[in-house]
Each structure stands twice: as structure tokens, then as C-alpha cells.
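Visitor: Got a structure for you, written out below as C-alpha cells; questions coming shortly.
The values are calculated or read from the model by the stated rules, or taken from the named source; none is laboratory data. Computed from a predicted structure; not experimentally measured. Here Cβ is always computed from backbone atoms with ideal geometry, including for glycine, and neighbour counts include all displayed protein chains.
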Amino acid sequence: MRKCKLCGSQHCRTIYQGLIRNGGLGRYTTNNVPIYQCEECKVIWHDNQFDNVQQYYESKEYREELEGSSEADKFYELHDKETLDKLIYTGTDIYRNKVVADIGCGCGAFLDFLKGVSKEVIAVEPSETYRAIMDKKGFQTYGYMLDALDKYEKQMDVITSFDVIEHVEDPKGFIKDIYMLLKEGGKAIIGTPTDAPIMRKLLGDIYEKKLLFSTQHLWIFSEKNLKLIAEQEGFSKVNIKYFQRYGIGNMMGWIKDKGPGTAVSDEFITETLDNVWKSQCSEKGLADYIVLYLEK
Ligand SMILES: [Zn+2]
């Protein structure tokens, strides 16, 4: 009997058994990987496919497999455009004169923007290559949250982390570390992809194999299990919000071509239509991204 690692329920089932994405698009595992879901808290997970996941994230190999490069310029090119979305998730009014950390910050595409208003900025990033770049830029830099505890236990005002918690082996420990670093009244904002329920409904295992299930994402969370682990680790003020990142043209491209990267663009797909699509996905809790808001 397989036990849920988040809620302890014994009611878990295998929802998929096949090849999954390994790194960037179009690369797959050589063996079938079983994917499990807890029927109680709804978390989806698979067993780690790497021998040493921590070492893997510290290596250049990880970014190269994911993005084709571990160079800073390439990182900025890919990630600078995400900053506006991140500021929409967090708002711009929580950072001024505060002690702020970003967990899994890469080479700091987001932190570069926060640095202008914050009192102090802490960069937490396991990749040595990226950490060296952050050091050079003058950030307080740590590999892991635990390394920052000596200096920053109960000292941080705001902690952000985007597209990271789904990669860590122990998400409860991840939330616990955040709790220890935050001061009373401090806030954490954590974003992670959902299981993109509309895409799964429309495309089933085509979408699951080609995009959703990946060796690097050990977990796919839901509203229920994110709230559960946040409360288990001591947070009493817990909220979530959904955001749809991909436009309606992307969904149409998938239906048309049964694969990623062929978004339909046509004059009927106006900004208005796209905004309606995104707001409906978010309102109905069917969006592709979920953000957890925690206050200590
Ligand atoms: Zn569970």
C-alpha cells in the first residue's frame, strides 16, 4: 500500500504509467514511470528518477537539460519576461525597506528588480554557477534556506519562490524552512504549476506525456494539499489564488497539433478574448498556475 507523503492517506492510486518528459520538450525517459495521486489531498507525484537530486540541482547539467544553457545571458533572456507576472502575483507594495529573499532565484532575474526598493535582498540558489553570478552582483547568497538560518532566523519580512517547490523532495520541509526564516507577521508567496485541468480534460495522456509529467517536477500540487502542508507547518493565515499563464491560442494549438509550441495566432484571438479566457480559468479554479499566500 502506497502512503501519501503529504497527508498520510492510504488511498493513493496510479493514474499514469508510461514515458514522461525528461528535461526540455521532446525528450523522454527510457523507462515507464508510474505517476501516483492521493485520493484524499489530491497531490500528484512520482518517485525521484535521479540518484542524487540535490547534487543534480547544484550542477550545470540541470539547467542545460532544461533550457539548453547555464549562461547568465541566456537565463535573463528566458526569465526577465516573467518578472511582470511575478510582480502581479505579489503586488509591488510589500518590498520597500524590507528584508526580502527569493528561493531558487537562478541568477536573479526577479531579485534584480526588487533590489531597488528593498532594505536587504537574500538570494537562495543551489546552483553554484548561478550563485557565483549572484555573489558578483553583491547579493547575500546561500545554497539552501538552512544555510541562511544562523544569520536570518525570524529576520525576513518577505520570502518569494516561484516554480521551485515542485522540484524539491521534501515540500513540507521547504515550507518549514520558510516559516523559520520569517519574522512574526512576515509573508511568503509561493507559486507552482497546477495539473492544468482543462488541458488534461481535452488531451489526456498526450498532454500528460509531452508536457505535464516530467522527471524534474516531483510533485503537482492542488489548493487542498498546499493549504494542508502550510497549516501543518504552522501558518495560520493561508490563502491561494489561481492565475492562467498560457493563452487560449496555446490551448487551440495543442488541440490542433497534439503537441506543444504551435500556438494558434489569428485575428479572432484578440487581447480581449485572451483576457476573458484567462480570467475564467482563474475564477473557476481551472488555471495552470496557483499561488500560495502565507502570513506568519
Ligand atoms: Zn494526500
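Visitor: Scan the stretch 270-290 and report the pairs whose first residue is over 18 Å from Leu212 (Cα atoms) and whose second residue is of a type in the set (S, T, N, Q) and buried (at least 19 other Cβ atoms within 10 Å of the Cβ), with Cβ atoms within less than 9 Å and a gap of 6+ or a chain change.
Guide: Trp277/Gln244; Lys278/Gln244; Ser279/Gln244; Gln280/Gln244; Ser282/Gln244
Visitor: Also, I was wondering about something else. Does the stretch 25-70 hold any residues that are charged (D, E, K, R) and modelled with pLDDT under 85, and which are they? Give the derivation first.
Guide: Of the stretch 25-70, the ones charged (D, E, K, R) are 27, 39-40, 42, 47, 51, 58, 60-61, 63-65, 67.
Asp51, Glu58, Lys60, Glu61, Arg63, Glu64, Glu65, Glu67 - these are the residues of the stretch 25-70 that are charged (D, E, K, R) and modelled with pLDDT under 85.
Visitor: Let me ask another. Of all residues in the stretch 71-114, count the ones that are outside any helix (DSSP H, G or I) and at pLDDT 95 or above.
Guide: The number of residues fulfilling the criteria is 16.
Visitor: Follow-up question, since we're still on this one. Mind listing whichever residues of the stretch 246-259 are touching a helix residue (DSSP H, G or I) at 6+ places or on another chain (Cβ under 8 Å), under 30 Å from Tyr36 (Cβ atoms) and crowded, with 16+ Cβ neighbours inside 10 Å?
Guide: The initial filter retains those residues of the stretch 246-259 that are touching a helix residue (DSSP H, G or I) at 6+ places or on another chain (Cβ under 8 Å), namely 247-249, 251, 254-255, 258-259.
Keeping just the survivors that are under 30 Å from Tyr36 (Cβ atoms) gives 251, 254-255, 258-259.
Matches in the stretch 246-259: Met251, Trp254.
Visitor: I'm trying to understand the selection: among the residues of the stretch 241-269, which are outside any loop (DSSP other than H, G, I, E, B), closer than 23 Å to Ile20 by Cβ and touching a residue at least 24 places away in the same chain (Cβ under 8 Å)?
Guide: Within the stretch 241-269, Met251, Trp254, Ile255 qualify.
Visitor: Under the condition of being within 10 Å of the ligand (Cβ to nearest atom) and exposed (fewer than 12 other Cβ atoms within 10 Å of the Cβ), which residue from the stretch 4-38 is nearest to the chain's Cα centre (by Cα)?
Guide: Gly8
Visitor: Just give me the residues in the stretch 208-232 being hydroxyl-bearing (Ser, Thr, Tyr) and either out of contact with any Phe, Trp or Tyr (no Cβ under 9 Å at 6 or more places or on another chain) or buried (at least 22 other Cβ atoms within 10 Å of the Cβ) (or both), in sequence order.
Guide: Correct list: Ser214, Ser222.
Visitor: Scan the stretch 218-245 residue by residue and report those that are out of contact with any Cys (no Cβ under 9 Å at 6 or more places or on another chain) and more than 16 Å from the ligand (Cβ to nearest atom).
Guide: Correct list: Gly234, Phe235, Ser236, Lys237, Val238, Asn239, Ile240, Lys241, Arg245.
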